[in-house]
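Below: one structure, written as structure tokens.
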Amino acid sequence: MNATVVGSQLGDEGKGGVVDLFSEDADVVVRYQGGNNAGHTVVRRGEEYKLRLIPSGVIRGKTGVLGNGCVLDLETLFDEIETLRARGLDPDVRVSARAHIVLPYHRVLDRAEEASKTDGGLEVGTTGNGIGPAYEDKAGRRGIRVGELLDDAVLRDRLEYSVPKKRRLARDVFGIDTGVEFDVDHLFETFRGFGDRLESEEMVVDASSLLAEMDRDGANVLFESAQGTHIDVDHGNYPFVTSSNPTAGGAITGTGVDPSAVADGRIIGVVKAYLSRVGSGPMPTELSEDAASAVRERVGGFGTVTGRPRRIGWLDVPMLRHAARVNGFTGIVLNHVDALGGFEELKVCEAYELDGETLTGIPSTTAEWARCTPEYRTFETWADRDWSEIRNDGYDALPDAARTYVEYVSAELGTPVYAVGIGPGRDETIVRQHPFGSAED
Ligand code: IMO
Ligand code: MG
């Protein structure tokens, strides 16, 4: 049985912990989109690992694959591998020969474009890792793929075509000085070196063939999404999105598996019990800055990658309905339920009001979404407590009001709850129904 773990909101729903937990029964964990804009946290035996690129399952010793739908910052990749090795792990990471690479000029251009948008209030608030520009080059047929790093002539030709144009773009359009990031010889040496290293460590694979072979042998594949449904380039609140498809369909195109490998498996929607957003764009249930900073104090609401403060809002059910439909969730994991303990009031947006009408889903334009007013339902609150006393099978030990909240979300989406997260550790996720079939209650 395969499973796909998808963020149902705006990223940072706690996907890393979910992947870590369910990868116990997986043989391979595959990232299918995004790059080092992700920040996935795994806590193992009290030790915290923050991963940006490497699939979270490698912490459990599973093979990690980065599919063709990813864009790879190879310096980050090797840094992460080295960091894990220094901590005593032996990460087995394979990268698709078809995955595109992020070049240093992508990072420069990402930041330059954001800076230019700030003047007009259009900035997305990207992570500045060059993700958008790398995907632009992929779609524009001028990107460089992992497999091409192994071929001197092809790599040089590609750089000689692209780099002078990027230099002019940086200088003439964005008015910035260019350095080694735009130097063909420097880039050639650096990336040829990365290619050699990938080759000598036998990391480059045809991921589609590898996964098909594993599937024939009965392997369980876990697909790990980065980001979330509402920052999907197609299904999110464009243009305040990332440049890839975190939604479940991305697992098919971003790995080259038979579509049934994803569609016939479990699709796990990861839901944060409240809403957070790093970066700009609408957020109808957003709290005032004062209220948000009080919440941030308690829940550590700062971005894993950029350290920026997260915007905070109430759970938004129309967003979740959209996510459940677009992804076909077979179940959800409701995370961060502990974080809501001790709130003085607890509200959930059930529907929106727009121009005198009630909407239960989200409108298809971002401008309309920005004008939506939430219609709230109030929930009974529950006290904060020592959550670590409640372990794996402790669903019934959750406060009554917390169970009511969990069951409300499940009923609204018409999907079962696979698990409830009450803390970052592996044993702080209460599994109700295991997506691979074992440990059912
Ligand atoms: P994980 O996998 C939350 C946001 C950025 C910005 C927008 C575009 O940890 O859930 P990009 O650098 O991708 O071009 O930025 O997307 N963003 C995320 N927000 N969690 C993430 O990843 C994110 N990855 C990108 O803040 O608004
Ligand atoms: Mg994150």
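The values are calculated or read from the model by the stated rules, or taken from the named source; none is laboratory data. Keep in mind it's a predicted model, so treat the numbers as computed, not measured. Note that each Cβ is placed from the backbone with ideal geometry, even for glycine, and that neighbours are counted across all protein chains shown. These accessible areas exclude ligands, DNA and RNA; they are computed on the full protein's heavy atoms, side chains included. Shrake-Rupley method; radii C 1.70, N 1.55, O 1.52, S 1.80 Å.
Examine region 290-309 for a residue that is away from ligand 1 (no atom under 16 Å from the Cβ) and surrounded by 24 or more Cβ atoms within 10 Å (Cβ to Cβ), and state whether such a residue exists. The answer is no, given that none of the residues of region 290-309 is away from ligand 1 (no atom under 16 Å from the Cβ) and surrounded by 24 or more Cβ atoms within 10 Å (Cβ to Cβ).
So that you can scan it fast, the table gives a plain yes or no per residue for (1) assigned to a loop (DSSP other than H, G, I, E, B); (2) open to solvent by 10 Å² or more (accessible area, probe 1.4 Å); (3) more than 12 Å from ligand 1 (Cβ to nearest atom); (4) in the same structural domain as residue 129 (by TED's automatic domain parsing):
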| position | (1), (2), (3), (4) |
| --- | --- |
| 19 | no, no, no, no |
| 24 | no, yes, yes, no |
| 30 | no, no, yes, no |
| 38 | yes, no, no, no |
| 41 | no, yes, no, no |
| 49 | no, no, yes, no |
| 53 | yes, no, no, no |
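For a quick check of your reading of the model, give me the residue pairs whose first member lies in region 31-44 and is within 20 Å of residue 221 (Cα to Cα) and away from ligand 2 (no atom under 14 Å from the Cβ), whose second is of a type in the set (Phe, Trp, Tyr) and in a strand (DSSP E or B), with beta-carbon atoms closer than 9 Å and at least 6 apart or on different chains. Correct list of pairs: 32/223.
When residues in region 314-341 are screened for being within 16 Å of ligand 1 (Cβ to nearest atom) and more than 26 Å from residue 51 (Cβ to Cβ), 1 of them pass.
Return yes when residue 14 is open to solvent by 20 Å² or more (accessible area, probe 1.4 Å), in the same structural domain as residue 314 (by TED's automatic domain parsing) and either within 11 Å of ligand 2 (Cβ to nearest atom) or not β-branched (Val, Ile, Thr) (or both) and no when it is not.
Details: open to solvent by 20 Å² or more (accessible area, probe 1.4 Å): yes; in the same structural domain as residue 314 (by TED's automatic domain parsing): yes; either within 11 Å of ligand 2 (Cβ to nearest atom) or not β-branched (Val, Ile, Thr) (or both): yes.
Criteria met by residue 14.
Residue check: is residue 128 closer than 24 Å to residue 241 by Cα, open to solvent by less than 60 Å² (accessible area, probe 1.4 Å) and modelled with pLDDT under 95? Spelling it out, it is not the case that residue 128 is closer than 24 Å to residue 241 by Cα, open to solvent by less than 60 Å² (accessible area, probe 1.4 Å) and modelled with pLDDT under 95. Taking region 335-393 as the range and being in a loop (DSSP other than H, G, I, E, B) and among the small types (Gly, Ala, Ser) as the test, the residues that pass are 341, 342, 356, 361, 364, 383. For region 225-267, a residue qualifies if it is open to solvent by 40 Å² or more (accessible area, probe 1.4 Å) and of a type in the set (D, E, K, R), and the qualifying residues are 234, 258, 264, 266. Each residue in region 253-281 was checked for being in a loop (DSSP other than H, G, I, E, B) and either at positive phi or of a type in the set (Ser, Thr, Tyr) (or both), and 6 pass.
Within region 210-243, take every residue that is more than 16 Å from ligand 2 (Cβ to nearest atom) and in a helix (DSSP H, G or I) and give me the one that is farthest from residue 39 (Cα to Cα).
Applying the filter and picking the extreme gives 216.
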